[in-house]
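Working notes, beginning with the structure itself.
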Amino acid sequence: MSAELIEGASLVLDDRIETASVRIEDGRITGLDVARDGASVIPARGRLLAPAFVDVHGDAFERQLMPRPGVTVPTEAALLETDRQLAANGIATAYHALTLSWEPGLRSVETGWQVVRALHALRHRLTADNRVQLRWETFCPEAEPLIEHVLRGTDSGLDRPSLAFNDHTTAALLHPEVALHDRPFDHAPDYPVTELTAPGFLHKMADRAKRAHMTTAEFVALIADVWARRPEVPGHIDRIAALARAHAVPMLSHDDSQPTTRSYYRGLGATVAEFPMHERVFLAAREAGDAIVLGAPNAMRGGSHLGSPGAAEMIARGLCDILASDYYYPAMLGAVVRLHADGVAPLPALWRLVAANPAAAMGLNDRGRIAPGLRADLLLLDWPEGHAPAPLRTWVSRRGGYSCLPSVRQPEPVH
């Protein structure tokens with residue numbers, strides 16, 4: 001591949017913003033402020049050049065698979081569209097939060113197989129580095145063959161995934177007198193369970209039933225049968241965690257509400273706390289040295305839609321290491337913009353939340369920063385003072401990238 005020189009941009013480096021050029025050859029950064037030496041020059045004066053985003057948890061791809069409740073589209077078409085959205089939003093590495101649940105429909109194991117096979121078939125056509133977060137519903141032992149298939153890697157054709165322990169079953173059955181963010185440890189013997197005939201519970205299950213192509217009554221009967229498996233769940237968790245450890249796969253636990261929950265999953269090797277639901281969990285995770293993930297939409301909007309702790313406050317307190325796109329890909333850039341405007345932290349520190357830190361948490365030491373020898377996963381932004389930024393080009397190592405660079409325009413000073 002011919003060399004490229006991105007010339008005159010303001011670079012987001014580890015601890016500073018610095019105007020310099022970046023040379024790229026064969027998908028790698030080969031120098032900063034070096035001679036052109038025959039490289040194709042990309043004028044970038046007045047632009048911001050930053051590491052492309054590393055997204056450890058994104059489930060917006062579900063809206064491509066099922067754009068309306070009960071309406072599905074072909075899996076390959078949905079993933080190709082998702083890939084375009086990733087690249088256009090500056091996301092070079094994406095872990096698709098693929099829920100593997102006992103629910104029929106969108107979040108079923110069957111759909112999981114379809115997505116994994118489609119990603120394998122499309123692997124040479126995709127722009128972003130599309131990976132899988134095995135978002136495993138712990139009440140779903142039927143997912144174990146798929147999990148093992150993906151963890152083996154050579155059979156699935158997918159790069160190393162991550163594994164997230166997810167227990168929406170226990171959360172769904174929580175008694176309404178207990179707030180979701182105060183729910184006890186999932187495996188507590190006296191866990192407070194709702195009445196399955198309560199109107200509030202039936203109303204809550206109606207949307208999930210629609211997603212699963214079932215009536216509410218059918219769905220409630222199914223969740224009752226699944227709940228009867230509860231004594232077997234810890235054994236399934238132990239087995240899946242051992243499998244992940246054997247393949248050196250990064251592990252996360254999702255929506256922890258108690259330090260006991262965080263400690264339980266940490267003991268299995270899950271050293272990433274994903275979307276903790278209470279301050280006490282943040283504090284316990286920080287004391288233990290766990291990486292803490294929050295949703296970028298939380299930061300972009302100025303708070304959580306579930307009433308969980310606000311990302312801006314947690315970042316300011318040193319209790320958040322990573323922002324993930326969650327349900328909205330543009331939120332990774334949007335969160336940085338909002339946090340920067342609010343003076344939560346300097347721009348290089350904010351950028352670490354969406355690039356260097358998530359890369360490190362996933363064991364991807366070849367990306368997330370602008371430095372010679374690393375992958376050329378880069379994002380060029382048009383960010384005029386006082387206005388929202390717009391991605392102009394995303395480089396994804398040897399995969400090409402995304403570009404909407406205007407043919408003629410004199411750039412304004414960067415923000």
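Matching residues to (1) in the same structural domain as Phe282 (by TED's automatic domain parsing); (2) farther than 30 Å from Arg68 by Cβ; (3) out of contact with any His (no Cβ under 9 Å at 6 or more places or on another chain):
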residue	(1), (2), (3)
Ala172	yes, no, yes
Glu177	yes, yes, yes
His181	yes, yes, no
Phe185	yes, yes, yes
Pro192	yes, yes, no
Ala206	yes, no, yes
Ala209	yes, no, yes
statement: How many residues of the range 37-62 are surrounded by fewer than 16 Cβ atoms within 10 Å (Cβ to Cβ) and closer than 28 Å to Trp113 by Cβ? The answer is 0
message: Of the conditions (1) in the same structural domain as Asp377 (by TED's automatic domain parsing); (2) surrounded by fewer than 22 Cβ atoms within 10 Å (Cβ to Cβ), Met66 satisfies every one except a single condition; which number is it?
response: (1)
message: Within the range 253-270, does at least one residue satisfy the condition of being under 30 Å from Arg68 (Cβ atoms) and modelled with pLDDT of 95 or more?
response: yes
task: Would you check if Ala284 is modelled with pLDDT of 95 or more and either assigned to a strand (DSSP E or B) or surrounded by 21 or more Cβ atoms within 10 Å (Cβ to Cβ) (or both)?
output: yes
- request: Can you tell me which residue within the range 123-147, out of those that are touching an Asp or Glu at 6+ places or on another chain (Cβ under 6 Å) and within 13 Å of Thr82 (Cα to Cα), is surrounded by the most Cβ atoms within 10 Å (Cβ to Cβ)?
  value: Ala128
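Residue by residue, here is whether (1) at pLDDT 95 or above; (2) under 18 Å from Gln133 (Cα atoms) holds:
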{"site": "Thr72", "(1), (2)": "no, no"}
{"site": "Ala77", "(1), (2)": "yes, no"}
{"site": "Thr82", "(1), (2)": "yes, yes"}
{"site": "Ala87", "(1), (2)": "yes, no"}
{"site": "Ile91", "(1), (2)": "yes, yes"}
{"site": "Ala94", "(1), (2)": "yes, yes"}
{"site": "Leu100", "(1), (2)": "yes, yes"}
{"site": "Val109", "(1), (2)": "yes, yes"}
{"site": "Gln114", "(1), (2)": "yes, yes"}
- prompt: How many residues, within the range 34-71, are in a loop (DSSP other than H, G, I, E, B) and acidic (Asp, Glu)?
  reply: 2
statement: Being surrounded by fewer than 17 Cβ atoms within 10 Å (Cβ to Cβ) and either aliphatic (A, V, I, L, M) or within 14 Å of the chain's Cα centre (by Cα) (or both) narrows Ala345, Ala356, Ala349, Ala360 down to just Ala349
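The values are calculated or read from the model by the stated rules, or taken from the named source; none is laboratory data. Remember, it's a predicted structure, so these values are computed and weren't measured experimentally. Positions of Cβ are backbone-derived with ideal geometry, glycine not excepted, and every protein chain shown enters the neighbour counts.
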